[in-house]
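What follows is a set of notes on a single structure, which appears directly below.
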Amino acid sequence: MAEVPSTFFMKPGAFAPDFTLPDCDGHAYSLSNLLSGKKGLLIAFVCNHCPFVTHLAESLGDFADRIAKKGVATVAISANDTARYPADGPDKMGPFALEVGWQFPYLYDESQEVAKAYAAACTPDFYLFDAGGRLTYAGQYDDSRPGSGQSPSGANLAAAVDDLLAGSPTAEPWYPSSGCSIKWRPGYEPDYSSELDLNRR
């Protein structure tokens, strides 16, 4: 399996691109209602079949439960081309989330426009925003990877949440997440060769 890193095109303080996406049951969620009344929001680009995701999926469920008690919400988004990767289809997303204990919304980005707007590159890819929708951290969950012999802990994200709750962005350098590439539709692969204008609203 080829390992692809985060792009880091979105800089500290950048605004979260807006979106409205359905979950596997057709219920729509928007950025504004996910952030409403919260101290922050963790967005994770994931999928069902990637071994980098399944490696930390149960840990992520526990982590999301813990930070929810501190006022930080979590949402997962799958953007993979399900024509070529049917294991990532909406009909499989609900059972996967139930199996790994995810209590947060798991949304389907069929158009892949949201993944492109965030310059997401891999599964998993993590973005943490404050209550105003500004980026305070992007990068890895922790140092563990499939086959590393390490159990996932969420250490990097946990430190970033602590920074967010203290009112400050996480100091760089941020270490990239890595995993399977997002499975783009043929001919729809993004050009990440130059930095996108993600840092203004």
(request) State whether the residues of segment 44-62 include one that is under 16 Å from the mean Cα position of the chain (by Cα), buried (at least 21 other Cβ atoms within 10 Å of the Cβ), over 16 Å from Tyr141 (Cβ atoms) and not basic (Lys, Arg). (result) yes
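Here are some residues: Ser151, Ser194. Which one is out of contact with any helix residue (DSSP H, G or I) (no Cβ under 9 Å at 6 or more places or on another chain) and either under 17 Å from Pro51 (Cα atoms) or at pLDDT below 95 (or both)?
Ser194
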(request) For segment 64-105, name all the residues that are out of contact with any helix residue (DSSP H, G or I) (no Cβ under 7 Å at 6 or more places or on another chain), under 30 Å from Gly167 (Cα atoms) and part of a helix (DSSP H, G or I). (result) Ala64, Asp65, Arg66, Ala68
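Based on what the data block shows, is Ser178 more than 18 Å from Asp18 (Cβ to Cβ), under 18 Å from the mean Cα position of the chain (by Cα), polar (S, T, N, Q) and surrounded by fewer than 18 Cβ atoms within 10 Å (Cβ to Cβ)?
Spelling it out, it is not the case that Ser178 is more than 18 Å from Asp18 (Cβ to Cβ), under 18 Å from the mean Cα position of the chain (by Cα), polar (S, T, N, Q) and surrounded by fewer than 18 Cβ atoms within 10 Å (Cβ to Cβ).
Residue by residue, here is whether (1) without any contact (Cβ under 8 Å) to a residue 24 or more places away in the chain; (2) in a loop (DSSP other than H, G, I, E, B); (3) in contact with a Pro (Cβ under 7 Å, 6 or more places away or on another chain); (4) of a type outside the set (A, V, I, L, M) holds:
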| site | (1), (2), (3), (4) |
| --- | --- |
| Phe129 | no, no, no, yes |
| Pro146 | no, yes, yes, yes |
| Ala160 | no, no, no, no |
| Leu164 | no, no, no, no |
| Ala171 | yes, yes, no, no |
| Tyr175 | no, yes, no, yes |
| Cys180 | no, no, no, yes |
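For the condition modelled with pLDDT of 95 or more, more than 15 Å from the chain's Cα centre (by Cα) and charged (D, E, K, R), what is the one hit in Asp23, Asp81?
Working: Asp23 fails: more than 15 Å from the chain's Cα centre (by Cα).
Unique residue meeting the criteria: Asp81.
The values are calculated or read from the model by the stated rules, or taken from the named source; none is laboratory data. As the structure is a prediction and not an experimental result, all values here were calculated from the model. All Cβ positions, glycine included, derive from the backbone under ideal geometry; neighbour counts span all protein chains shown.
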